[in-house]
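Take a look at the structure set out below.
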Amino acid sequence: MNRKWNLKDTKKLFEKPFFDLIFEAQKKHREYFDPNKIQISTLLSIKTGACPEDCKYCPQSSRYKTGLKKEPLLEIEQVLKAAKKAKSSGSTRFCMGAAWKNPKEKDMPYLEKIIKEVKKMGMETCMTLGTLNNSQAKKLASAGLDFYNHNLDTSSNFYSSIITTRTYEERLNTLKTVRNSGMKICSGGIIGLGEKKQDRMELLMELSNLSIPPESVPINMLVKIPGTPMEKNENVDPFEFIRVVAATRIMMPKSYIRLSAGRENMNDQTQAMCFMAGANSIFYGCKLLTSRNPKEEKDQKLFQKLNLFPDYKTKSITEENKNHENLKISNLSKEKYYNAAI
């Protein structure tokens, strides 16, 4: 049975001396994972911009002038080409995001088709599409979707300071819907929104105290995008960020903890400390939806320095790439799909 975390115990955890916290997190990490392996995912935006939500950190919101070019829903051949490339680069999970408040019923056949085709490649699938109803969740699960991403971002108390077009309760309800459908949950938060330390504690408490904690927990460092209300937020102290990663590992010991947005602004030493603190998953590739991300070659060099390997193999990523050169996409449909942005 999962431990239930309260504010007193969580605060005590956050206030541990830095090296004691890291040591405890590393011990906990080794109970459930090989510390020398890392799970690799790739994230693709399948529909970009013109989102009706007002998340203050997001360049895809229609409320802000960020210079982001609005793009319609990608055709399925484009998505599968990206999935093929992701697998050849070493990713085991292909994640797809659409800038929607929620998918429409007309979108479901398209989404189900993508899931089935990516699964044929032998990859795990994940989507982030906004709020889901029971019927939509069941359809995605039946198509084979492994994970659904739905971040809580921050604490319930601070949430309305960054988003007003949806409520925290709506997010929690969607997580319940996803869990009830049989899919796994990917849910985490963003550090650097202007939140207080207690907001970070309450976010981790919320996630860890779910009926089943998320199998995947992305920890993002705010990427300050010009044109968004948060473009001038204060930088996050790297050691405070590492503390959050370590606390996440201790509070959710069986979850994959992913270093997500913000890695472009982290040096190798910061990332290495995050891995030592229990992070064991990253997004791979030069872009996360619309934000910059380190190139594969840079990550490969870091992994080689740290002796990290993909969690499903014992060979290096460079060796694995050779094995995927002849990967073929089977029976791609020639059917064209509608523009979901209309």
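The values are calculated or read from the model by the stated rules, or taken from the named source; none is laboratory data. Everything quoted here is computed from the prediction, not taken from an experiment. Cβ coordinates were reconstructed from backbone atoms using ideal geometry, including for glycine residues, and neighbour counts include every protein chain displayed. Each accessible area value is taken on the protein alone, full model and side chains, heavy atoms only, with ligands, DNA and RNA left out. Shrake-Rupley method; radii C 1.70, N 1.55, O 1.52, S 1.80 Å.
Annotation: of all residues in region 211-236 being of a type in the set (G, A, S) and at negative phi, the one that is most open to solvent (accessible area, probe 1.4 Å) is S211. Identification of helices (runs of 4 or more DSSP H) wholly contained in region 129-210 with 1 or more residues that are buried (at least 21 other Cβ atoms within 10 Å of the Cβ), touching a residue at least 60 places away in the same chain (Cβ under 8 Å) and within 16 Å of the chain's Cα centre (by Cα) yields 197-208. I'm trying to understand the selection: among the residues of region 247-261, which are assigned to a strand (DSSP E or B) and open to solvent by less than 10 Å² (accessible area, probe 1.4 Å)? Hits for region 247-261 are I257, R258, L259. Scanning region 262-299 for residues that are in a loop (DSSP other than H, G, I, E, B), modelled with pLDDT under 90 and open to solvent by 20 Å² or more (accessible area, probe 1.4 Å) gives C286, L289, T290, K295.
Take the conditions (1) touching a Phe, Trp or Tyr at 6+ places or on another chain (Cβ under 7 Å); (2) buried (at least 19 other Cβ atoms within 10 Å of the Cβ); (3) farther than 24 Å from R171 by Cβ; E75 misses just one of them, which is (2).
When you scan region 1-44, how many residues do you find that are open to solvent by 50 Å² or more (accessible area, probe 1.4 Å) and farther than 30 Å from S88 by Cβ? Number satisfying all stated conditions: 20. Among the residues of region 61-69, not a single one is more than 24 Å from K106 (Cα to Cα), in contact (Cβ under 8 Å) with a residue 40 or more places away in the chain and part of a strand (DSSP E or B). Among the residues here, R63 does not qualify as among the charged types (D, E, K, R) and either surrounded by 19 or more Cβ atoms within 10 Å (Cβ to Cβ) or within 19 Å of S216 (Cβ to Cβ) (or both).
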